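The block underneath contains the structure these notes are about, expressed in structure tokens.
No value in this document is a laboratory result; all are computed from the given coordinates. Model, not experiment: these values are computed from the prediction. No Cβ is skipped: glycine too gets one built from the backbone with ideal geometry, and neighbour counts run over all protein chains shown.
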Amino acid sequence: MTKVYYNGDANDQLLQGKKVAIIGYGSQGHAHAQNLRDSGIDVVIGLRQGKSWDQAVEDGFNVYSVREAADQADLIMILLPDELQPKVYNEEIAPVLREGQSLFFAHGFNVHFTQIVPPSYVDVALAAPKGPGHLVRRTYTEGAGVPGLIAVWQDVTGQAKDVALAYAKGIGAARAGVLETTFQEETETDLFGEQAVLCGGLTALVKAGFETLVEAGYQPEVAYFECLHELKLIVDLMYEGGLEGMRYSISDTAQWGDFVTGPRIVDERVKGEMKKVLEDIQSGKFAREWILENQSNRAVFNSTNRRENEHLIEEVGAKLRDMMPFVKQSQKRKEAVMTS
Ligand code: NDP
Ligand code: MG
Ligand code: MG
């Protein structure tokens, strides 16, 4: 088994008396900043003027331009949207970077795919909670934490890994357990997971099931419940007890259907396609297409998003959720189910 690091493995001293600049104050940024501050670490925020700036000030932080924050910090954690990071890094962070500073990320994409090329004289590391920012903050205030990953890209000081571990402790991740990975592994598995299983695979499965029932003449409302709404119950059971725990709770008929039909749906062809998806990630093909898509003002992204939002399952779902106050309630916390 891989080694799991906990609070006792981390050296707090490494961040004491140091200044951490959190660049960005969104989902991850607000959680890292508040947890580090509550862990006794000196935190400043780097932002542009706007909504997040006002929020960070309201939350009691000293807020600066990205350049000013990076300039005064010992450790710079970049928590901007991944697609905007290269521009902000090149224009505002790179010019002030100096020897002895640490450059941190919560996702390896830009470094691994060379959209950001850090200079040879700074430590470069990753510290990423395996969960959305609002959960990272909430669990911390409850005395717990969300598990995390650390990785080192470049170790100039010989302390990069220990600083990453101290950072992971500061945000509460080492209360739950921290695994060491590499920028490459974190980036490739993150992209694969969200494309093949968590987001892409799942939404396609749900839509195909819904469409099959509706095209066969069943009521869309009933199809929605069967193919989307009930997913949450199943996923919660899997989260708590793995596949076995989930199967323990469903009926034997459901379990028999699971055994005989699952492999007919996700068959060898689908698995072969997953391997191709992984190859496109590993080769940089996916990254290049996404980078070009952003450079072309997201022509495909935006039109696909519009069409997806017009799907019958969305129309039916919105009406049904309106009738279920308990579902609407948790929608207010919809960031809590966002994946990175
Ligand atoms: P968000 O979109 O939630 O937040 C982005 C922040 O960046 C906002 O505060 C925004 O402020 C600010 N910002 C945007 N553009 C600029 C700019 N030009 N100059 C200064 N500030 C700017 O991002 P996330 O927290 O989701 O993601 C941050 C990083 O964390 C990414 O690398 C992501 O991959 C990683 N990550 C995210 C997870 C998640 O669950 N969301 C999980 C694990 C890792 P404004 O209000 O002004 O727009
Ligand atoms: Mg059923
Ligand atoms: Mg991701």
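For the chain, the mean residue ellipticity at 222 nm estimated from helices alone is -15500 deg cm²/dmol, where every DSSP H run of n ≥ 4 contributes -39500 (n - 2.57) and the total is divided by all residues, rounded to the nearest 500. As a rough guide to protection, the peptides 80-89, 125-134, 211-220 ranked by mean Cβ packing within 10 Å, highest first, stand as 125-134, 80-89, 211-220. Taking the longest Cα principal axis of the chain as reference, the axis of helix 268-282 is set at about 20 degrees. Reported to the nearest whole Å, the Cα centre-to-centre distance from region 72-111 to region 167-202 is 19. Provide, as a two-decimal number, the C-alpha radius of gyration of region 217-305 over 2.2 N^0.38 Å, N being how many residues it has. Against the compact-globule rule of thumb, the ratio is 1.54.
The ranking of Ile291, Ile78, Ile22, Ile116 from fewest to most other beta carbons within 10 Å of each one's beta carbon is Ile291, Ile116, Ile78, Ile22. At q = 0.15 Å⁻¹, what log₁₀ I(q)/I(0) does the chain have when each alpha carbon counts as one equal point scatterer in the Debye sum? So the normalised log intensities work out to -1.37.
Note on Lys285: aspartates and glutamates with a C-alpha under 13 Å away, same-chain residues under 8 apart excluded, are Glu188, Glu293. So what's the gap between the Cα centers of region 12-26 and region 37-58, to the nearest angstrom? Here the answer is 11 Å between Cα centres. Among 224-233, 95-104, 298-307, 27-36, the peptide with the highest mean count of other Cβ atoms within 10 Å heads the list, and the full ranking is 27-36, 95-104, 224-233, 298-307.
Overall, the chain carries a charge dipole of about 360 debye about its Cα centre when +1 sits on the Cβ of Lys and Arg and -1 on the Cβ of Asp and Glu, all other atoms neutral. Taking every alpha-carbon pair under 8 Å whose residues sit at least 6 apart, region 101-211 reaches a relative contact order of 25 percent.
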